[in-house]
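Structure record follows, encoded as structure tokens.
The values are calculated or read from the model by the stated rules, or taken from the named source; none is laboratory data. Remember, it's a predicted structure, so these values are computed and weren't measured experimentally. Cβ placement follows ideal geometry from the backbone for every residue including glycine, while neighbour counts extend to all protein chains displayed. Quick note on the areas: whole protein, heavy atoms, side chains included, nothing else; ligands and nucleic acids left out. Shrake-Rupley method; radii C 1.70, N 1.55, O 1.52, S 1.80 Å.
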Amino acid sequence: MEWTLEVVVVPVSDVDASIGFYRDRLGFHLDHDTRTEHGRVTQLTPTGSGCSIVIGTFPPMQRMAPGSLHGLQLVVPDARAAREQLVDAGVDCEEITVLDERDGGTLFGFADPDGNSWVVQQIRARAQRPLIPRERDHPEG
């Protein structure tokens, strides 16, 4: 049986501000922003990722305090370019750290406005072999 991780709840204090951060600064795709009488749920997905984040006000989403999620990890083929892109978008990023010269040993961190922390890991192989095939690599039909 396959088990896939497809959604991670990120605890935030302000859904609109968080949408602005994740969509407008990080470039995540806004999949949906749904409001019902029970609350609000918003899903955003990093380009090329099979896992999304969900933010919102439904009671189960409020079990963690805003800013209490740490160690989420994104993978990019070029950490320096990714960091530059985030800094240019106004994101406060840590300096790049090289723990190991082998692929996967270069990283940096940042946090969202509530303090949820992320690590960005460089895996150069992702440039040629993404985990999820790009549509242009496998057109339908």
Tell me, what % of the accessible area of the chain is carbon and sulfur with a 1.4 angstrom probe?
51 percent
Helix 79-88 sits at what angle to the longest principal axis of the chain, using alpha carbons and giving 0 to 90 degrees rounded to 10?
50 degrees
Taking +1 at the Cβ of each Lys and Arg and -1 at the Cβ of each Asp and Glu, which of Leu74, Gln128, Pro11 sits farthest along the dipole of the chain towards its positive end, judged by Cα position relative to the Cα centre?
Gln128
Rounded to whole Hz, the Karplus (6.51, -1.76, 1.60) HN-Hα couplings of the range 95-111, x for glycine and proline:
5, 6, 10, 10, 7, 7, 5, 5, 4, x, x, 10, 7, 8, x, 7, 9
Could I have the simple spin-label model distance between Ala81 and Asp31, label points 7 Å from Cα toward Cβ, reported in nm to one decimal?
2.6 nm
What accessible area, in Å² to the nearest ten, does a 1.4 Å probe give for Met64?
70 Å²
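Give the accessible surface of the range 1-92 per residue, rounded to a whole number of Å², with probe radius 1.4 Å and ligands, DNA and RNA excluded. If you can, show how the numbers build up before the last one.
Numbers: 5570 Å² over 92 residues.
I get 61 Å² per residue for this part.
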Determine how large the accessible area of Ser52 is when every protein chain is in place; take a 1.4 Å probe and give Å² rounded to the nearest 10.
10 Å²
Can you find, among Phe110, Leu86, Thr47, the residue farthest towards the positive end of the dipole of the chain? Put +1 on the C-beta of Lys and Arg, -1 on that of Asp and Glu.
Thr47
Express in nm, to one decimal, how much length is gained between Thr97 and Val8 on full extension, taking 0.36 nm for each residue of separation and deducting their alpha carbon distance.
29.5 nm
Using a 1.4 Å probe, how large is the accessible area of His38, given in Å² and rounded to the nearest 10?
120 Å²
